[in-house]
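Presented below is the structure to which this report refers.
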Amino acid sequence: MQCDYFDSARCRSCTLMGTPYDVQLAEKDARVRRLLAAQVPDDAWATPFAGPESGFRNKAKLAVGGTTTAPTLGLLDRDGAGVDLRDCGIHEPGLREVLPRLAEFVTLAAIEPYRLSTRRGELKNLLVTRSPTGELMLRFVLRSQEAVARIRKHLPALRAALPQLHVVSVNILPEHRAVLEGDLEIPLTAQQTMPMPLSAITVHLRPQSFFQTNTAVADALYAQAVTWSHDAGAAHVWDLYCGVGGFGLHLAAPGRRVVGVESSAEAIASARISAAGLPGELEFVVGDATEYAARHRGADLIVVNPPRRGIGELAGLLDGGDVRTVLYSSCNAESLARDLDRMPSLRPARARLFDMFPQTWHHEVLVLLERA
Ligand SMILES: C[S@@+](CC[C@H](N)C(=O)[O-])C[C@H]1O[C@@H](n2cnc3c(N)ncnc32)[C@H](O)[C@@H]1O
């Protein structure tokens, strides 16, 4: 993939940009295998799964800079100046094409971009997610509520220009911190849930819930979890760190009980909506994954998909418990290696790289563990 922003050094986020995709995929696979060489036997590895090398991101996270009349949508450089990246080629084309309308809206509603140097202005980030059917979720991340009335007033014009806008909200981030969003979410549309139809099921996203950024590869990851867990014949499944329920919802089956555990209440609200009508018994609870595992028993299949830090103490509980099959989906092979070392009774039987993040070293690895 070629990128003008990368070639002109305006953006260096995609560290593998310019490397032919088959080479980067082979090198990433080799690197992940090397990091896990002490835990995962060579013959356990399947061929890596890859989707398109460009136009794959379903979510644009755009720092807003510049001025009200000439906003930049992209990132901020070291001096805090805006760098416009609205043609970024890793975003889905359907996301790219709406960005000029969003820039025009910033001008129309007179939302002053936030300036790091003076700590003045309002608009920090625009977060846009696109569903496979083209619907959009748009979130304005603002310093305060100063611009909210104007956004509301002009929203009908934006909705007329972008009829695919499904969910719109404002997120308030008053602190001067390098984070993407704050705690307070103000809905601007009656609809606050966006359906994301995947091949097998539909997940429902709400503004503050995490979803994998590469829809095609996420779809394949969930399908792989279903195939690999087939032999376990599990009647009772836990999906720990379940987010909006991707793994648990795919594992729903007649006669099976699935429990999803997740710390974000918003994500659990999403998962509960998606569970309606699926077979078997599904329960999604807000809680800490380790605490849940310490207090409950009886799962014969456990899926874990933690943040980058890994599962920590939970590894000891899984190792010392009676679960026979574990599916560990990890975005960090280093913490995965540490966690696997803490689970000597659970042996990696199969593993596969899912290239969720082409053009970078970021990776997702699924490992099937079976009790020795
Ligand atoms: C990689 S995401 C998992 C996403 C989900 N499995 C999916 O497929 O979309 C990690 C999730 O863990 C949640 N989380 C973080 N710490 C947690 C904890 N201690 N207990 C439960 N969930 C936690 C985060 O809110 C986030 O949704």
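The values are calculated or read from the model by the stated rules, or taken from the named source; none is laboratory data. Predicted model only: the values in this text are computed from it and were never measured. In this analysis, Cβ positions are derived from the backbone assuming ideal geometry, glycine residues included, and neighbour counts consider all displayed protein chains. Just the protein is used for accessible areas: all its heavy atoms, side chains included, with ligands, DNA and RNA removed. Shrake-Rupley method; radii C 1.70, N 1.55, O 1.52, S 1.80 Å.
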Open item on the list: Cβ-Cβ distance below 6 Å, separation of 6 or more or different chains: which pairs start in the stretch 321-342 with a residue that is farther than 19 Å from ALA372 by Cα and assigned by TED's automatic domain parsing to the domain that holds PRO306 and end on one that is within 16 Å of the ligand (Cβ to nearest atom) and of a type in the set (Gly, Ala, Ser)?
Closed with: SER335/GLY310
Task: Failed condition for ARG177, given (1) within 18 Å of ILE111 (Cα to Cα); (2) in a loop (DSSP other than H, G, I, E, B) - done: (1)
TODO: Consider only pairs whose beta carbons are under 6 Å apart and that are at least six residues apart or on different chains; among these, list those whose first residue lies in the stretch 127-147 and is open to solvent by 50 Å² or more (accessible area, probe 1.4 Å) and whose second residue is small (Gly, Ala, Ser).
DONE: ARG130/GLY94
Open item on the list: I'd like to check which strands (runs of 3 or more DSSP E) are fully inside the stretch 203-292 and have at least 3 residues that are of a type in the set (A, V, I, L, M) and open to solvent by 10 Å² or more (accessible area, probe 1.4 Å).
Closed with: 281-286
- [ ] Tally the residues that are away from the ligand (no atom under 13 Å from the Cβ) and either open to solvent by 60 Å² or more (accessible area, probe 1.4 Å) or not in a loop (DSSP other than H, G, I, E, B) (or both), restricting the search to the stretch 181-202.
- [x] 13
Task: Breaking point among (1) surrounded by fewer than 23 Cβ atoms within 10 Å (Cβ to Cβ); (2) in a strand (DSSP E or B); (3) within 11 Å of the ligand (Cβ to nearest atom), for VAL303 - done: (1)
Open item on the list: Go through the stretch 17-44 and report how many residues are part of a helix (DSSP H, G or I), farther than 19 Å from SER330 by Cα and more than 23 Å from the chain's Cα centre (by Cα).
Closed with: 3
Task: Among (1) more than 16 Å from the ligand (Cβ to nearest atom); (2) of a type in the set (Lys, Arg); (3) under 20 Å from the mean Cα position of the chain (by Cα), the one test that ARG177 misses - done: (3)
Open item on the list: Can you tell me how many residues within the stretch 335-345 are assigned to a loop (DSSP other than H, G, I, E, B) and within 14 Å of the ligand (Cβ to nearest atom)?
Closed with: 0
- [ ] Scan the stretch 307-334 residue by residue and report those that are crowded, with 22+ Cβ neighbours inside 10 Å, near the ligand (Cβ under 10 Å from one of its atoms) and outside any strand (DSSP E or B).
- [x] ILE311, LEU314
TODO: State whether the residues of the stretch 24-37 include one that is small (Gly, Ala, Ser) and in contact with a Leu (Cβ under 8 Å, 6 or more places away or on another chain).
DONE: no
- [ ] Give the stretch 335-372 a look and list any residue that's farther than 21 Å from ALA218 by Cβ and either among the small types (Gly, Ala, Ser) or open to solvent by 40 Å² or more (accessible area, probe 1.4 Å) (or both), or say none.
- [x] ALA337, ARG338, ASP341, ARG342, PRO344, SER345, ARG347, ALA349, GLU370, ARG371, ALA372
TODO: Please enumerate the residues belonging to the stretch 351-372 that are touching a Cys at 6+ places or on another chain (Cβ under 9 Å) and in a strand (DSSP E or B).
DONE: GLU364, VAL365
Open item on the list: For the list (1) open to solvent by 60 Å² or more (accessible area, probe 1.4 Å); (2) at pLDDT 95 or above, I need the number of the one condition that GLU175 fails.
Closed with: (2)
- [ ] Could you list, in sequence order, all residues of the stretch 59-110 that are surrounded by 19 or more Cβ atoms within 10 Å (Cβ to Cβ) and among the polar types (S, T, N, Q)?
- [x] THR72
TODO: Out of ALA216, ALA225, report the one residue that is within 11 Å of the ligand (Cβ to nearest atom), under 23 Å from ASP355 (Cβ atoms) and touching a Phe, Trp or Tyr at 6+ places or on another chain (Cβ under 9 Å).
DONE: ALA225
Task: Every residue from the stretch 1-16 that is assigned to a helix (DSSP H, G or I) and open to solvent by 90 Å² or more (accessible area, probe 1.4 Å) - done: ASP4, ASP7
Open item on the list: With the requirement that a residue be without any contact (Cβ under 8 Å) to a residue 40 or more places away in the chain and within 11 Å of the ligand (Cβ to nearest atom), what does the stretch 272-300 give you?
Closed with: VAL285, VAL286, GLY287, ASP288, THR290, GLU291
Open item on the list: Among the residues that make up the stretch 313-325, is at least one of them among the hydrophobic types (A, V, I, L, M, F, W, C) and closer than 21 Å to PHE211 by Cβ?
Closed with: no
